[in-house]
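Visitor: The following block contains the structure, expressed as structure tokens.
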Amino acid sequence: GINVWCAAGKGTFGTEEIVNRVQQTKLAQVISHRKLIIPQLGAPGVSASGVAQQCGFSVLYGPVRAEDLPDFLAAEFKTTSEMRRVHFTLRDRIAVIPVELVLWFKQALGLAVLIALVSGISRDGFSLANAPRAFGLVFAGWLTGGALVPILLPWIPGRAFSLKGLWAGLALWAVLGSAGLMGPTNLIEGGWGLVLTAIVSFMALNFTGCTPYT
């Protein structure tokens with residue numbers, strides 16, 4: 001259900017896509033009825049009248065979760081209040097963590113490589129001595145923004161996800177800084193702190209698209 005809401009909001013699950021799939025699969029020749037059951041959270045991207053006009057199928061908005069479909073069908077397309085209720089539990093949040101981590105992995109890797117290369121330039125030439133720190137810190141931010149923020153989402157202060165990410169980034173800065181893992185000088189530590197805070201806040205902001213609320 002959550003992924004459908006995300007797809008509907010981003011335009012990858014909508015009226016045109018449904019009509020296109022119905023026509024491509026020649027669904028009208030396969031089944032005798034003309035009803036399509038659409039997940040409730042897909043409603044923002046689907047126009048029932050548009051689907052009916054373009055392919056002749058009527059749209060029925062089903063329950064939020066696929067696991068409720070058997071009961072929905074047995075009740076002749078009637079939903080209960082529980083079927084309509086949207087939850088976003090810890091289990092739901094953990095389920096979308098792999099999506100977030102995979103989505104931002106290449107960007108995190110590219111950023112780590114870039115910082116490792118730039119930080120290796122000095123008056124004495126070039127060295128990759130700082131590369132392990134660059135990769136470690138960037139991926140610490142990646143894991144915090146992609147995994148820790150979703151897990152702790154309800155308990156992090158603030159309504160805006162970017163603000164939640166800011167708090168998480170500052171917390172990461174404090175933890176790594178106190179452990180002496182961010183650099184030998186205050187200037188380097190401060191620079192890394194800003195980078196990590198930006199990474200976590202940005203990823204938290206984009207996590208909005210994986211949730212049923214904004």
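Visitor: What does the helix-only formula give at 222 nm for the chain: each DSSP H stretch with n ≥ 4 adding -39500 (n - 2.57), the total divided by the residues, and the result rounded to the nearest 500 deg cm²/dmol?
Guide: Helices in the chain give a 222 nm mean residue ellipticity of -18000 deg cm²/dmol.
Visitor: In addition: Once fully extended, how much extra length lies between Lys106 and Ile37, figured as 0.36 nm per residue of separation less the alpha-carbon to alpha-carbon distance?
Guide: Roughly 21.2 nm would be gained on extension.
Visitor: Right, something else. Mind checking the alpha-carbon convex hull of the chain and giving the volume per residue in Å³?
Guide: 149 Å³
Visitor: Further question on the same structure: State, to one decimal in nm, how far the label point of Glu76 lies from the label point of Ser49, with both points 7 Å from Cα in the Cβ direction.
Guide: Going by the 7 Å Cα→Cβ label model, 2.8 nm.
Visitor: Using alpha carbons only, how many degrees (0 to 90, rounded to 10) separate the axis of helix 90-119 from the longest principal axis of the chain?
Guide: 40 degrees
Visitor: What is the fewest-to-most order of His87, His33 by other Cβ atoms lying within 10 Å of their Cβ?
Guide: Starting with the residue having the fewest Cβ neighbours, the order is His33, His87.
Visitor: State the percent of C-alpha pairs, over all pairs in the stretch 1-87, separated by a distance greater than 18 angstrom.
Guide: Above the 18 Å cut-off, the stretch 1-87 has 45 percent of its Cα pairs.
Visitor: State whether the stretch 110-214 is rounded, prolate or oblate according to the following rule on the C-alpha gyration tensor (a ≥ b ≥ c being the square roots of its eigenvalues): a/c under 1.5 gives rounded; otherwise a/b larger than b/c gives prolate, and the remaining case gives oblate.
Guide: Because a/c hits 1.5 or more and a/b exceeds b/c, the stretch 110-214 counts as prolate.
Each value in this text was obtained by applying a stated rule to the coordinates, not by laboratory testing. All of these numbers come straight from a predicted model, not from anything done at the bench. Positions of Cβ are backbone-derived with ideal geometry, glycine not excepted, and every protein chain shown enters the neighbour counts.
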